Amino acid sequence: MLDNKTKKKIDNCRDILVGKIPDPKAQVGQITIALMYKFMDDMDKEAVEIGGKPTFFVDEYEQYSWTKLMSPKLGGKEKVNLYAEAITKMPQNPHIPQLFRDIFKGADLPYRAPETIRMFLKEINEFTYDYSERLGDAYEYLLSIMSSQGDAGMFRTPRNIIDFIVKVVDPKKDESVLDPACGTAGFLIAGYKHILKNNKDKLTPSEKEKLMNNFGGYDISPDMVKMAEVNMYLHKFPNPKIYEYDTLSSQKKWDETFDVIMANPPFMTPKGGIIPHNRFTIKSKRAEALFVDYIKEHLNIDGRAGVIVPEGIIFKNENAIKTLRKNLIEENYLYAVVSLPAGVFQPYAGVKTSILLMDKKLAKKTDKILFVKVENDGFDLGATRKPIDKNDLPQALEIINAWKVGKKIDSKIAVYVKKARIFENSDYDLSCKRYKETIDYSNVKWPMIELGEICEIVRDKPNAFEGNKKYYPTGSIDNNSKNNGFKLVTFDKKPSRANILPKKEDVGFAVMKGTKKIVYVNDDYIGSIFSTGFTFLRCSKKLISQFLYYLVKDEHFQNVKDEKAVDGIMGGIRKSDILKIRIPIPPLEIQQQIVAELDGYQNIISGARQVVENWKPTIDFVPNWGKVKMGDKKYIQIVDGDRGTNYPKKAEFTPEGFCLFLNTSNVRKGEFDFSKCDFVTQEKDNALRKGKLIREDVVLTTRGTIGNTAHYSNSIAFENIRINSGMVILRSNLDKISPSFLLQFMNSLEFAAQVANFISGSAQPQLPIRVLNEIEIPLPPLKIQKQIVEKIEAERALVESARKLIELYEQKIKDRIAKIWGK
C-alpha cells in the first residue's frame with residue numbers, strides 16, 4: 001500500500017519538473033532514470049556494508065556515483081554537467097546488467113537549469129532501494145499520472161478493472177502469462193500479486209523463481225518497454241521478460257503460446273497504418289480486431305484470456321469483425337462478455353468498452369454465452385472518477401465464477417443467451433442489450449409481433465424542391481405541445497441530416513438513447529423534412545397508426561429502445577434492431593376501441609393544458625386608481641444584492657449554514673423553490689452589505705430568466721435569506737401597496753409587456769434597476785388590491801385543478817397502455 005509520504009515525494013518530483021517538462025510522460029521518464037541511478041548506488045553501498053565490493057560504479061564509472069553527484073562541493077553547473085554526462089554514458093557501462101543498460105538507452109537531460117536539477121536530485125535522494133513492495137507501489141502511482149497516448153488509442157487501464165479481470169481469469173502458479181500490449185505491465189504485476197496472495201507462504205524459492213519467469217509482455221513502444229521493465233524490477237522481478245515487439249506485424253514470436261493472456265490492447269489503428277502478416281485468421285487492418293485474433297490464436301489447448309475491447313468489436317458490421325465474432329463462438333473460445341460503463345477510462349477518454357472472456361475448456365462445455373452488464377464500477381463516470389457506493393463488479397465476479405462451474409445466478413445484470421440464438425443473426429452481435437428482454441410479456445393477452453412483420457421503415461427522401469420547406473431536427477419536437485419549432489430550408493442548403501420525408505400517419509421517434517421525441521404525422525407535418533435522428537414507421541393493414549403512436553410514446557417501448565441502443569456520439573438504436581422490437585397486437589376492432597378511449601383522454605389533457613399554459617393573472621385597470629412608477633421610493637424601495645469583492649466565492653458556499661443565499665433557480669413564477677440551496681456562514685453574512693430579505697419582501701429575477709417572482713411571507717421557514725446579483729428585492733410601503741398585489745402585478749401580462757418594451761433587442765437580456773424604476777404599477781386602494789388578489793387566487797385554484805386533471809388523465813393513459821403490455 002502506498003503511504004502518503006512516498007506519494008508526496010513523487011508529487012514533489014513532478015512539481016519541480018513541470019515548469020521545464022510539461023509532458024507527464026516525459027516527467028515519468030526523467031523520474032525513472034533518476035530513481036534507477038540512485039538505486040544502483042544504494043545497491044553498491046549495501047554490498048560494501050556486508051563486506052563485498054561495489055559492482056555498478058567502478059573503474060571509469062566511479063566518478064558518476066550518486067554519492068559524488070550529491071557532494072556539496074559540486075557547484076550548480078558542475079552538477080548539471082556531471083548528471084547529464086552520466087545518464088548518457090550509462091548504457092555503455094559494462095558493469096551493470098543489460099536491463100539497466102536498456103533503461104538508460106536514449107536518456108538525455110532536456111533542460112540545464114542548475115536550481116531545478118538541485119531540487120529534483122535532492123527529492124530523488126529521499127528514496128532508498130530496500131526491496132520492499134512500497135517501491136513498486138510508488139512506481140505504479142508514478143505511472144498512473146501519465147495521460148492517455150491518444151494517437152495510438154492507448155489508455156491506462158483502471159486498477160479496479162485490471163483486478164477484476166485478473167480475479168476472473170485466475171492465473172495459477174505454474175501457468176505462463178502474457179500481455180501482448182503490456183504498456184507499463186499493470187496486468188502482469190496484478191497477476192503476479194494475485195498468485196502470491198492465493199499461495200501465501202506456500203511458494204518455495206525455486207517455485208517463486210519459476211513463477212517470475214512465467215510472466216512476459218510485449219510492447220511496440222521502447223518507452224513503454226523501459227517503464228514496464230522498471231515496474232517489474234521494482235516488484236522484485238530480477239530479469240523482467242519484457243520485449244520491444246510489434247505484435248501485429250512481426251512473426252518472430254508467433255509460434256509461442258500461453259496458458260493465460262490478459263490485455264487492454266490499443267483501440268485505434270495508428271495513422272501510419274498496420275501491415276499485418278498473413279497468419280491471422282481474419283483480413284483486417286484494425287488493431288483492435290487483430291489483437292483479439294492474436295490472443296485467441298496464442299492460447300494453449302485449455303488456455304484462458306480476458307481482453308478489453310472497444311464497442312466496435314461487439315457490434316460493428318464489417319466483414320472481418322463479424323468473422324472474428326463468429327470464430328470466437330464457433331471455435332469455442334468465448335464464454336462471457338462483460339459490458340463496462342462508458343466512463344471507466346475517464347479522464348483519458350469516454351470510450352465505451354467491454355471485456356471478452358475466453359476459456360477454451362469451458363466454452364466447449366456450454367451452449368450459452370453469459371452476458372453481464374456493469375452499470376457502476378465503484379466510481380462515478382466524470383473526469384475525476386470519484387468513489388461512489390454503487391459497484392456491480394463484485395456481483396459480476398460472483399456471477400461469472402458460478403458460471404465457470406456450471407451454476408446460473410439469476411440477476412438483472414446477467415443474461416444467458418444460447419449460441420444458436422446469436423447465430424440466428426448473420427452479424428453475430430455480442431451486445432447484451434440485444435438479447436435482454438426488459439419487459440415481462442407473460443401476461444400479455446394478445447400475440448407479441450415484431451415490428452418488422454407489421455411495419456416498414458420509411459426511407460423516402462426529399463427530391464429537389466423550390467423555395468422553402470419546414471425542417472424538424474430532433475430537438476425541435478415537444479411531446480406536450482403542438483407548437484413545435486422548425487427551420488425553413490432550401491434544397492441546396494439543407495443540412496445533410498435533413499433527409500427523411502414521411503407521409504401522413506407515419507409514426508416517428510428519436511433513435512438516440514434517452515431521447516424521447518415522438519411524432520405522429522398529421523396535416524401539420526405533411527411535406528416537412530425530418531432529421532435522420534428520427535426513424536419513421538409506416539404501418540401495414542394489420543396495425544392502426546394511432547395505436548402504434550400510443551405504444552411508441554409509452555415508457556415500456558422507450559425502455560426497450562434504450563436497452564437496444566448503441567452507446568457513443570453516433571449511437572442510437574439501429575434500424576435492424578427496431579424491426580425486431582415486439583409489440584402486442586390486438587385485433588383491429590380492439591385497436592380502434594383503445595385508440596378511441598386514449599384519444600378521449602388526450603383531448604381532456606390538451607384542453608386542460610391550454611388552460612395551464614395560457615392563463616396569466618390580469619388586472620382590469622380603472623383610470624381613477626392612478627399609477628406610480630416603481631422607482632418612486634414613497635411606494636417601493638428596490639434593493640439589489642452585493643457584487644464585487646464582497647460577493648461569496650464558490651468555495652464559501654455550503655449545503656447547510658446560517659444564511660440561505662438565493663440564486664435565480666430558487667425563484668419561480670410566484671413562489672420559491674428550495675429543492676437545492678446554497679448557504680453561507682454567519683461571518684460571511686455579516687460581511688455582506690446588501691440584499692438581505694425581510695418579511696413581506698417580493699423578489700424579482702433580473703438576469704437569465706427575467707420576471708420570475710416570489711414572496712417572502714411569514715410561511716417561509718428560513719429566517720436569514722440573501723439574494724444574489726441576478727435578482728432584486730421589491731420592498732413595498734405596506735400602507736400603500738400590498739406585497740401580494742405587487743406579486744400578482746409582476747406576474748401579469750401588463751408587467752411582461754412593459755418589460756418587453758424596455759429589453760427587446762438586447763443580445764443578453766437583463767432588467768437593470770434603471771429600467772425597473774420606469775415601470776408603472778396601478779395603485780388601487782388597499783381594499784381593492786385585496787379583492788384583486790382574492791380573484792386571481794381563485795382563478796389560480798382553477799388552473800391548479802386543470803394541472804391535476806392533466807396528471808390524472810396522463811396516468812389513465814399510462815395505466816391503459818400498461819394493460820396492453822400485460823402489466
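Given the criterion buried (at least 20 other Cβ atoms within 10 Å of the Cβ) and of a type in the set (K, R), identify the matching residue among K690, K684, K669, K676. Don't jump to the end; show me each part of the working.
Numbers: K690 fails: buried (at least 20 other Cβ atoms within 10 Å of the Cβ); K669 fails: buried (at least 20 other Cβ atoms within 10 Å of the Cβ); K676 fails: buried (at least 20 other Cβ atoms within 10 Å of the Cβ).
Of the residues listed, the single one that is buried (at least 20 other Cβ atoms within 10 Å of the Cβ) and of a type in the set (K, R) is K684.
Could you list all residues from region 243-262 that are assigned to a loop (DSSP other than H, G, I, E, B) and farther than 12 Å from Y218 by Cβ? Steps first, answer last, please.
Taking region 243-262 and keeping what is assigned to a loop (DSSP other than H, G, I, E, B), we get 245-257.
Listed by number, the residues that qualify are Q251, D255, T257.
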Cross-chain or 6+ apart pairs with Cβ under 9 Å, region 58-81 first and farther than 23 Å from M43 by Cα and touching a residue at least 24 places away in the same chain (Cβ under 8 Å), then open to solvent by 70 Å² or more (accessible area, probe 1.4 Å) and assigned to a helix (DSSP H, G or I): G76/E115; G76/R118; V80/R118
First in region 491-505 and open to solvent by 100 Å² or more (accessible area, probe 1.4 Å), second anywhere and part of a strand (DSSP E or B) and among the hydroxyl-bearing types (S, T, Y), Cβ under 6 Å, 6 or more apart: R497/S531
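If you scan region 534-567, which residues turn out to be of a type in the set (D, E, K, R) and open to solvent by 10 Å² or more (accessible area, probe 1.4 Å)? Spell out how you get there, then give the answer.
Narrowing region 534-567 to residues of a type in the set (D, E, K, R): 538, 541-542, 553-555, 561-564, 567.
Across region 534-567, the qualifying residues are R538, K541, K542, K553, D554, E555, D562, E563, K564, D567.
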Residues of region 238-252 classified as open to solvent by 70 Å² or more (accessible area, probe 1.4 Å) and touching a residue at least 60 places away in the same chain (Cβ under 8 Å), total: 1
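Do you know which residues across region 91-132 are small (G, A, S) and over 20 Å from V80 (Cβ atoms)? Can you show your working first?
Taking region 91-132 as the starting set, the residues that turn out to be small (G, A, S) are 106-107, 113, 132.
Once the filter is applied, which keeps residues that are small (G, A, S) and over 20 Å from V80 (Cβ atoms), region 91-132 yields only S132.
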Verdict on I605 being of a type in the set (V, I, T), surrounded by 16 or more Cβ atoms within 10 Å (Cβ to Cβ) and not in a strand (DSSP E or B): yes
Those residues of region 397-412 which are out of contact with any Ser or Thr (no Cβ under 9 Å at 6 or more places or on another chain) and either closer than 26 Å to K326 by Cα or open to solvent by less than 100 Å² (accessible area, probe 1.4 Å) (or both), in sequence order: L397, I400, N401, A402, K404, V405, K407, K408, I409, S411
Pair list, Cβ < 6 Å and 6+ apart or interchain, from region 517-542 residues that are outside any loop (DSSP other than H, G, I, E, B) to residues that are of a type in the set (S, T, Y): Y520/Y549; I529/Y471; F530/Y472; S531/T474; C539/S545
Qualifying residue in region 739-761 (condition: at pLDDT 90 or above, more than 45 Å from the chain's Cα centre (by Cα) and more than 17 Å from A710 (Cα to Cα)): no
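Is it the case that some residue within region 70-77 is closer than 20 Å to K226 by Cβ and open to solvent by less than 70 Å² (accessible area, probe 1.4 Å)?
If we filter region 70-77 for residues that are closer than 20 Å to K226 by Cβ, which is where we start, we get none.
No: zero hits.
Would you check which residues across region 678-709 are in a loop (DSSP other than H, G, I, E, B) and among the polar types (S, T, N, Q) and list them? Quick ask: steps written out before the conclusion?
Let us first name the residues in region 678-709 that are in a loop (DSSP other than H, G, I, E, B), namely 681, 688-691, 693-697, 702, 704-708.
Matches in region 678-709: T681, T702, T705, N708.
In this structure, does A181 turn out to be in contact with a helix residue (DSSP H, G or I) (Cβ under 8 Å, 6 or more places away or on another chain), within 28 Å of E375 (Cβ to Cβ) and either at pLDDT 90 or above or not in a loop (DSSP other than H, G, I, E, B) (or both)?
Values: in contact with a helix residue (DSSP H, G or I) (Cβ under 8 Å, 6 or more places away or on another chain): yes; within 28 Å of E375 (Cβ to Cβ): yes; either at pLDDT 90 or above or not in a loop (DSSP other than H, G, I, E, B) (or both): yes.
Considered against the rule, which asks whether it is in contact with a helix residue (DSSP H, G or I) (Cβ under 8 Å, 6 or more places away or on another chain), within 28 Å of E375 (Cβ to Cβ) and either at pLDDT 90 or above or not in a loop (DSSP other than H, G, I, E, B) (or both), A181 comes out as yes.
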Extreme residue, most open to solvent (accessible area, probe 1.4 Å), among residues of region 511-533 that are more than 15 Å from Q558 (Cβ to Cβ) and among the aliphatic types (A, V, I, L, M): I526
Residues of region 199-251 satisfying the condition of being closer than 23 Å to I295 by Cβ, out of contact with any Gly (no Cβ under 9 Å at 6 or more places or on another chain) and among the charged types (D, E, K, R): E229, E244, D246
Complete set of residues in region 284-333 that are free of Cβ contacts under 8 Å to residues at least 40 places away in the same chain, surrounded by fewer than 18 Cβ atoms within 10 Å (Cβ to Cβ) and among the basic types (K, R): K285
Residues of region 154-178 satisfying the condition of being in a helix (DSSP H, G or I) and either more than 18 Å from I261 (Cα to Cα) or of a type outside the set (D, E, K, R) (or both): N160, I161, I162, F164, I165, V166, V168, V169
Selection from region 623-652 of residues that are open to solvent by less than 60 Å² (accessible area, probe 1.4 Å), of a type in the set (A, V, I, L, M) and farther than 12 Å from L772 by Cβ: V628
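Considering only residues that are among the small types (G, A, S) and in a helix (DSSP H, G or I), look in region 544-600 and name the one that is nearest to G452 (Cα to Cα). Can you show your working first?
First, pick out the residues of region 544-600 that are among the small types (G, A, S): 545, 565, 568, 571-572, 576, 596, 600.
This time we only want the ones that are in a helix (DSSP H, G or I), so: 545, 576, 596, 600.
Numbers: S545: 14, S576: 9, A596: 25, G600: 29 Å.
Ranking the candidates gives S576 first.
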Scan of region 715-738 for residues that are at pLDDT below 90 and more than 16 Å from L662 (Cβ to Cβ), ordered by number: S715
Residues located in region 642-673, provided they are in contact with a Gly (Cβ under 8 Å, 6 or more places away or on another chain), assigned to a loop (DSSP other than H, G, I, E, B) and at pLDDT 85 or above: N663
Candidate set: region 1-45, residues that are without any contact (Cβ under 8 Å) to a residue 24 or more places away in the chain and more than 20 Å from D108 (Cα to Cα); chosen: the one surrounded by the most Cβ atoms within 10 Å (Cβ to Cβ): D44
Residues located in region 293-333, provided they are in a strand (DSSP E or B) and closer than 15 Å to A263 by Cα: L299, G303, R304, A305, G306, V307, I308, V309, P310
Residues (out of contact with any Ser or Thr (no Cβ under 7 Å at 6 or more places or on another chain) and either assigned to a loop (DSSP other than H, G, I, E, B) or open to solvent by 80 Å² or more (accessible area, probe 1.4 Å) (or both)) located in region 468-480: I477, D478, N479, N480
Tally, over region 377-396, of residues that are open to solvent by 70 Å² or more (accessible area, probe 1.4 Å), part of a loop (DSSP other than H, G, I, E, B) and touching a Phe, Trp or Tyr at 6+ places or on another chain (Cβ under 8 Å): 1
Selected residue [over 16 Å from D163 (Cα atoms) and modelled with pLDDT of 90 or more] from G216, G191: G216
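The values are calculated or read from the model by the stated rules, or taken from the named source; none is laboratory data. Because the structure is predicted, anything quoted here is derived from the model rather than measured. No Cβ is skipped: glycine too gets one built from the backbone with ideal geometry, and neighbour counts run over all protein chains shown. For the accessible areas, the whole protein counts, side chains as well, though only heavy atoms, and no ligand, DNA or RNA atoms are used. Shrake-Rupley method; radii C 1.70, N 1.55, O 1.52, S 1.80 Å.
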